[in-house]
2 protein chains.
Amino acid sequence: MSEERTIKVCEIFGPTIQGEGALIGRPTVFVRTGGCDYRCSWCDSLHAVESRFRDDWRPMEPHEILESVRRLSGGKPLTVTLSGGNPAIQPFADLIRRGKADGYGFALETQGSVSQPWFSELETLVLSPKPPSSGMQCDVDAVRTCLRAAGEGPRSVLKFVVFDDADFRFARQTAALFPTLRVYLQPGNHTPPPPGEEDAAIDLDGINRRFEWLVGKVLSEGWFEAHVLPQLHVLIWGNRRGV
Amino acid sequence: MSEERTIKVCEIFGPTIQGEGALIGRPTVFVRTGGCDYRCSWCDSLHAVESRFRDDWRPMEPHEILESVRRLSGGKPLTVTLSGGNPAIQPFADLIRRGKADGYGFALETQGSVSQPWFSELETLVLSPKPPSSGMQCDVDAVRTCLRAAGEGPRSVLKFVVFDDADFRFARQTAALFPTLRVYLQPGNHTPPPPGEEDAAIDLDGINRRFEWLVGKVLSEGWFEAHVLPQLHVLIWGNRRGV
């Protein structure tokens with residue numbers, strides 16, 4: 001197996017339910033890849049981003065990943081969520097092809113900075129352009145390129161993390177460029193877990209207040225096409241990993 | 001206006017976000033009607049069910065309801081959720097016709113015991129057959145009749161409240177009869193508010209445990225097509241009404 005076809009895997013876990021966005025509540029197995037072209041100030045998955053953790057990322061061949069997923073799901077097909085880091089920088093074509101042949105579907109979560117031909121083979125493409133509070137600059141043309149690569153293949157949706165008014169304006173303006181896409185807004189986790197501290201306390205009151213604030217913004221500004229959802233896994237399980 | 005066309009309204013409130021099921025997170029105005037052909041043991045909306053509250057239900061004409069909704073939404077169309085009680089026993093045809101002409105869409109939440117020709121004009125039909133713990137007997141043929149009345153008009157989905165193993169089996173068996181419908185499962189609220197006690201305490205730990213139990217059931221039995229969602233409004237706002 002050539003090096004180019006191996007995927008850098010940070011963790012594979014599940015089945016659990018998807019905690020956020022378009023597939024909230026849906027059973028899934030997560031394949032979280034290591035490596036990211038972004039460095040968001042509030043990243044909640046640094047263990048999959050920072051190079052000091054790269055020794056924990058295992059290069060895996062597509063058939064190995066599929067075997068892990070199959071073992072976790074008891075051999076029963078379900079939706080596999082490809083997350084990261086930025087999973088769009090990994091060579092997923094072969095895994096998706098093999099998985100689909102076995103009845104598995106694939107959802108990808110990415111910031112929309114990198115597009116791949118295999119986007120068209122996804123079931124769901126979640127594009128999550130990063131708002132100003134991340135410290136990153138969103139390239140709208142790159143998001144467009146992702147959508148073109150996806151074509152009519154998957155259901156494509158937008159997800160925005162919103163920490164403040166500037167993020168909200170960014171979300172609204174960016175969403176307006178893609179009027180046919182469903183929009184999911186979620187308040188940022190202002191107490192993300194430091195890597196290696198899975199049981200770090202969360203500020204549940206603060207999370208609830210931020211959720212109420214975001215709901216209030218959406219309603220008072222009449223953005224009735226948007227969906228506002230919390231990170232359900234954080235509400236229920238806190239920062240615990242692997243659930 | 002003839003008596004037959006007035007709708008018994010318990011409350012109209014919003015905009016807020018839908019807290020459960022297929023439209024979770026979506027801005028909506030609720031029109032809750034008074035009166036129900038069921039008496040579920042754990043009903044969380046007794047103020048819209050028991051006849052001792054009937055003097056609080058106001059007979060309203062469709063144009064009055066639409067004016068209320070329009071005032072609440074600032075004149076901007078959105079999804080109106082028809083809830084109850086059982087809203088399917090009300091004459092909604094005229095309201096839906098008028099609302100749609102103005103750009104509003106309608107979602108109905110009903111147990112599926114009573115069908116109406118106007119189901120075909122809905123945007124979303126949420127059929128919520130009641131499980132054994134409710135003390136009611138689900139009539140599957142009535143559910144089928146609702147789906148026939150809806151036809152290809154709305155998106156029809158199933159929602160099940162699950163308190164225990166028997167409820168779970170009921171949900172799974174009933175869902176199997178309607179394999180094309182999306183399924184949403186939610187743990188029951190075991191501390192529903194007594195009518196008039198809007199600020200009654202909720203047992204958040206208990207709610208979380210019940211949610212985890214239901215997620216565990218779905219995952220261990222491999223029911224990967226189902227969605228498991230909490231009552232988001234209860235997690236965030238407790239039993240408070242009107243939010």
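The values are calculated or read from the model by the stated rules, or taken from the named source; none is laboratory data. Keep in mind that what you see is a predicted model, and the values were worked out from it rather than measured. A quick note on method: Cβ atoms are made from the backbone with ideal geometry, for glycine too, and the neighbour counts reach across all protein chains shown. Just so you know, the surface numbers come from the protein's heavy atoms only, side chains and all, with ligands and any DNA or RNA stripped out. Shrake-Rupley method; radii C 1.70, N 1.55, O 1.52, S 1.80 Å.
Sequentially through segment B:91-96, phi angles give Karplus couplings (6.51, -1.76, 1.60; θ = phi - 60°) of x, 8, 3, 5, 4, 5 Hz, Gly and Pro residues having no value and appearing as x.
Ignoring aspartates and glutamates fewer than eight residues from residue A:217 along the same chain, the ones with Cα atoms less than 17 angstrom from its Cα are A:164, A:165, A:167, A:225. Less than 18 Å from a label point 7 Å out along the Cα-to-Cβ axis of residue A:114: which backbone N atoms in segment A:137-163 qualify, by residue? Under 18 Å, as judged by backbone N against the label point of residue A:114, lie A:137-150 of segment A:137-163.
Please determine, in degrees from 0 to 90 and to the nearest 10, the orientation of helix A:204-220 with respect to the longest principal axis defined by the Cα atoms of chain A, where the helix direction is its Cα long axis. Once rounded, the angle reads 70 degrees. Radius of gyration (Cα atoms) of segment A:107-243, expressed as a multiple of 2.2 N^0.38 Å: 1.09. Across the copies of the chain, residue B:177 has label points (7 Å from Cα along Cα→Cβ) spaced 5.0 nm apart, shortest distance listed first. For segment A:3-149, the antiparallel share of DSSP beta bridges with both residues in that region comes to about 40%.
The fraction of Cα-Cα pairs per 5 angstrom bin, counted from 0 for chain B, comes to 1, 6, 14, 18, 21, 18, 12, 6, 2, 0, 0, 0 percent, rounded to whole percents.
Take residue B:54, move 7 Å from Cα toward the beta carbon, and the resulting point lies 7.5 nm from the same point in each other copy, nearest first. Tell me the angle of helix A:62-72 to the major Cα principal axis of chain A, expressed in degrees between 0 and 90 and rounded to the nearest ten. Tilt relative to chain A: about 70 degrees. Largest first, the extents of the alpha carbon coordinates of segment A:162-219 on the three principal axes equal 39, 23, 19 Å. From the phi angles alone, apply the Karplus equation (6.51, -1.76, 1.60; θ = phi - 60°) to segment A:113-124 and give each ³J(HN,Hα) in whole Hz, x where the residue is Gly or Pro. Values per residue, Gly and Pro as x: 8, 10, 10, 9, x, 6, 4, 5, 8, 6, 8, 9 Hz.
What distance in nm lies between label points placed 7 Å from Cα along the C-beta direction at residue A:205 and residue A:52? For residue A:205 paired with residue A:52, the spin-label model returns 3.2 nm.
Compute for segment A:1-112: radius of gyration divided by Kirkwood radius, i.e. Rg/Rh, restricted to C-alpha atoms, rounded to two decimals. Looking at segment A:1-112, the ratio lands at 0.95.
Entry for the protein assembly as shown at q = 0.13, 0.14 Å⁻¹: log10 I(q)/I(0) = -1.29, -1.47, Debye formula applied to identical alpha-carbon scatterers, no solvent contribution. Compared with the rule-of-thumb size 2.2 N^0.38 Å for a compact globular protein, segment B:48-126 has a Cα radius of gyration ratio of 1.10. Per-residue Karplus couplings for segment B:53-60, computed as 6.51 cos²θ - 1.76 cosθ + 1.60 with θ equal to phi - 60°, are listed in order as 9, 5, 5, 8, 8, 9, x, 10 Hz, Gly and Pro entered as x.
Each stretch of four or more DSSP H residues adds -39500 (n - 2.57); spread over every residue of chain A, this sum gives -8000 deg cm²/dmol at 222 nm.
Axis of helix B:165-176 versus longest Cα principal axis of chain B: the two differ by about 60°, to the nearest ten degrees. The GluC sites (Glu not before Pro) of segment B:117-171 that DSSP puts in a loop, and whose beta carbon has at most 13 other beta carbons within 10 Å, are B:152.
The packing ranking, built from the mean of other Cβ atoms within 10 Å per residue, places the peptides B:188-195, A:110-117 in the order A:110-117, B:188-195, highest first. Modelled label positions at residue A:63 and residue B:142, each set 7 Å beyond Cα in the direction of Cβ, lie 5.6 nm from each other. Averaged over peptide B:208-221, the number of partner chain Cβ atoms lying within 10 Å of each residue's Cβ comes to 3.
Excluding ligands, DNA and RNA, what is the solvent-accessible area per residue of chain A at a probe of 1.4 Å, expressed in Å²?
So chain A comes to 40 Å² accessible per residue, rounded to a whole number.
Beta bridges from DSSP with both residues in the protein assembly as shown: antiparallel share about 25 percent, rounded to the nearest 5.
The alpha-carbon of residue A:100 sits under 22 angstrom from the alpha-carbons of these lysines, leaving out residues fewer than 8 places away in its chain: A:8, A:76. Remark on residue B:182: its backbone amide H falls under 5 Å from those of B:158, a criterion applied only to residues 5 or more positions apart or on other chains, H modelled at 1.01 Å from N.
Can you give the Kirkwood hydrodynamic radius for segment A:89-163, in Å, rounded to one decimal and based on Cα pairs? The Cα-based Kirkwood calculation yields 12.8 Å. Going 7 Å from the Cα of residue B:97 in the Cα-to-Cβ direction, what parts of segment B:121-136 have a backbone nitrogen less than 20 Å from that spot? Under 20 Å, as judged by backbone N against the label point of residue B:97, lie B:121-124 of segment B:121-136. Distances, shortest first, from the label point of residue B:100 to those at the same position in the other copies read 3.6 nm; the point lies 7 Å along Cα to C-beta.
For segment A:1-42, the mean projected area of the C-alpha convex hull, equal to one quarter of the hull surface, is 4.6 nm².
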